[in-house]
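The values are calculated or read from the model by the stated rules, or taken from the named source; none is laboratory data. Since this is a predicted model, take the numbers as computed values, not measurements. Note: areas computed on protein heavy atoms with side chains; ligands, DNA, RNA excluded. Shrake-Rupley method; radii C 1.70, N 1.55, O 1.52, S 1.80 Å.
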Amino acid sequence: MIQHPDKNCIDPITVKIHNQLAYCAHVEEEANGRPWFHDIKEYLSKGEYPEHANHAKKCTLWRLFNHFFHSGGNLYRRTPDLGLLGCVNAKEASKLLEDMHAGTCGPHMNGFVLVKKILRGGYFWMTMEMDCI
C-alpha cells in the first residue's frame, strides 16, 4: 500500500514478467502427447469411438466428425464454401503464428486479422482465435 495525498490507500499493481516475448504467441502443447484431432482422425479412419469416451463425449465427437475429412493420412476441416483447411498440431501452430505475425507473410497484424490470414493460408486448429488474440 502506498499513501495518497488525500489519505486514501492505493493497492499496488502486480506486474508479471514472462520469459516469452509478448508479440510471439505460442499454442499450449497437448497434455497427453497426442494432437487435438487424434480422436477425430481415429474415428474417421477406423469408424470406432475411443474406448474412454462416455455418451456425452460420443455426442460431441459425432457433431465434430461431420466437419472433418480424412485423406492420405492428413485431416482437413471443411469450410462452408466446400474448401478444405489442413489441421495442424500445437508445434506446427506455434510455428505458423510466429511466421505469419513476424512479417514473413505480410506486416504485423492484430489477432483477428492474423486468424483470417492463417485461414486463407489453408490451416486450422481449434483454439486459433484465442491463440492469435
For the stretch 110-123, what does the Karplus curve 6.51 cos²θ - 1.76 cosθ + 1.60, with θ = phi - 60°, yield as ³J(HN,Hα) per residue in whole Hz, taken in order and with x for Gly and Pro? 7, x, 5, 5, 5, 4, 4, 5, 5, 5, 5, x, x, 10
Per-residue accessible area, 1.4 Å probe, largest first, puts C59, C132 in the order C59, C132
Accessible area (Å², 1.4 Å probe, nearest 10) - W36: 70
Solvent accessible area, Å² - F124, 1.4 Å probe, full protein context: 20
Could you pull the accessible area for L97 with a 1.4 Å probe, rounded to 10 Å²? 10
Heavy-atom accessible area with a 1.4 angstrom probe orders M126, M109, most exposed first, as M126, M109
Using a 1.4 angstrom probe with every protein chain in place, what is the largest-first accessible-area order of H70, H101? H70, H101
Amide H contacts under 5 Å for Y123, restricted to residues at least 5 apart in sequence or on another chain and with H modeled in the peptide plane, are G86
